[in-house]
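Peer 1: I have a structure I would like to understand better, so I am pasting it below and will then ask my questions one at a time.
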Amino acid sequence: MSQTESSTPVHEPELAPWRDRRFRIFATGNFVNNLGEAAYKVGLPLYVYDLTGSLTTMSLMAAIAPAILLISPWLGAIVDRWGSRVFVVPGLLVQLGGAVSLNLFALGGHTSNAVLFPLATVVQLGGEMYRSGWIAGVKGMFPKNAARSRAVLSSLFVTSNIVGPLIVAVGVGVVGYLGLLWFNAATFLAPIAVWALGVHPPAKERRLQTERRPGLSRDIIDGWHIIRSEKRVMYVQITSLPLQFVSGVGVLSFMIWYLRSQLAVSASGVSVAQALANIGALAGSVYIAARARARPRTVLAGAVLVMTAALFVMLIPSVPVFVLCMVCFFTMRSAMTAVCAMIIVKHLPTEVLGRAEGLFNLLSGIPLFVAPLVTPAVQDAWGSDGVLLFLGAFAGLALICLGYFWRHWNDQADEPADVVTAAS
């Protein structure tokens, strides 16, 4: 951490981001973009399923997003080397180009997998480029309230994931899947307009190069050494990994299936349960963003205990109990995710934020990708209740991590303003 950052007063809470006009402009553009993305994530797989009737094809299409996370460390290294601006507008233009091309091919009736999969991959790649840029740029854009700005943006992202599926539910009968895909393409223009208004990451200071730069892989390794030295960040990220495994989209799909298959809940009832879980997720994220002072260790402990307990309590054959557990589970999951994002912005130096985001995306992306593959195998071997026992036991690994790291959490890491002191 630089001398400037370490000398910043640690007892002064950050200001509310909404007081900053520049933040309001940026957040609005980012939210509009996320709305399109949220509708796209639901609409495209359904459109592909409607075209092919293949659940496998639909699942593979949905798997493109976590697969792109595998290259996140290299995107982060590029951001750290050349600055956040290198990916913000270019990423949006890549997204826009891929989306418009996909829509034109679909409009012309060319909807083979050989066309849809490459273009969908281009769209996801552009999205990851854009996210790598703006997330690393939050600290430079909003230095007076960087951590809380990142948390509020995370809350807006959760909100978009609630509204996006509703847009699909209403819009598919009005404009069809193609109309929804065009809506997604149009939302890429919102962050570009924000850039044109002058709200964007600052330019990276150019330094005179007197010797040959190391490769990006060397940059990633060097960044990892810096990240590892900040124990508070590593404690939170490592402890959260088992919880990432038990709370990804594959596990949510299992919970929905469990409600339908084992508890005989109607389709409309399942939709209500999912909506309540999403509202809980929003509440957890908003709570963290609203805190002027937050203790990441305490929040993480609460998330570990509640999420682990909820998985075991779900074994009780009661619909109200199961739904209540879902709400508690995803509320704490969202709070944990917000804290993980905030602590990266707070405790790591600006020059390593891109690589940190990329490396942690990779670390969390692996369990998110593996969980949907493992869950069906466990269900086949041990039954539905066996899946809940397996997930609960796996979540318990976070308790072991928490107990070990708690003893090594130094006094500096336990300051009242551990996450959100004045400096996403």
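Peer 1: At 1.4 Å probe size, with every protein chain present, just tell me what the per residue accessible area of the chain comes to in Å².
Peer 2: 44
Peer 1: I would also like to ask the following. Does anything in the stretch 320-341 have its amide N under 19 Å from the 7 Å Cα→Cβ label point of I279, and if so which residues?
Peer 2: So the set is 320-335.
Peer 1: Still on this structure, please answer the following. Carbon and sulfur together cover what percent of the accessible area of the chain at a 1.4 Å probe radius?
Peer 2: After summing per-atom areas, the C and S share lands at 66 percent.
Peer 1: When the solvent-accessible surface of protein heavy atoms is calculated with a 1.4 angstrom probe, in what order do M234, M332 fall, highest first?
Peer 2: M332, M234
Peer 1: Treat every Asp and Glu Cβ in the chain as -1 and every Lys and Arg Cβ as +1, leave all other atoms uncharged, and give the resulting dipole magnitude about the Cα centre to the nearest 20 debye.
Peer 2: Computed charge dipole of the chain: roughly 800 debye.
Peer 1: What full-extension length gain, to one decimal in nm, is calculated for M234 and V319 as 0.36 nm per residue of separation minus the Cα-Cα distance?
Peer 2: This chain segment gains 26.8 nm when fully extended.
Peer 1: Please work out the FRET efficiency for the pair F117 and L373, using the Cβ-Cβ distance as r and a Förster radius of 25 Å; give the result to the nearest 0.05.
Peer 2: 0.85
Peer 1: If you don't mind, there's one more thing I want to ask. Under a plain spin-label model, where a point goes 7 Å from the Cα along Cα-to-Cβ, how far apart in nm are R19 and I400?
Peer 2: Calculated label separation equals 4.6 nm.
Peer 1: Going toward the positive end of the dipole of the stretch 76-192, with +1 on Lys and Arg Cβ and -1 on Asp and Glu Cβ, which of A146, V158, L92 do you reach last?
Peer 2: Final value for the positive-end residue is A146.
Peer 1: Based on alpha-carbon positions alone, could you give the equivalent ellipsoid semi-axes of the chain from the gyration tensor, as √(5λ), descending, whole Å?
Peer 2: Equivalent ellipsoid semi-axes, largest first: 33, 29, 20 Å.
The values are calculated or read from the model by the stated rules, or taken from the named source; none is laboratory data. None of the values given here were measured: they were computed from a predicted structure. A quick note on method: Cβ atoms are made from the backbone with ideal geometry, for glycine too, and the neighbour counts reach across all protein chains shown. What goes into the accessible areas is simple: the full protein's heavy atoms, side chains included, and nothing from ligands, DNA or RNA. Shrake-Rupley method; radii C 1.70, N 1.55, O 1.52, S 1.80 Å.
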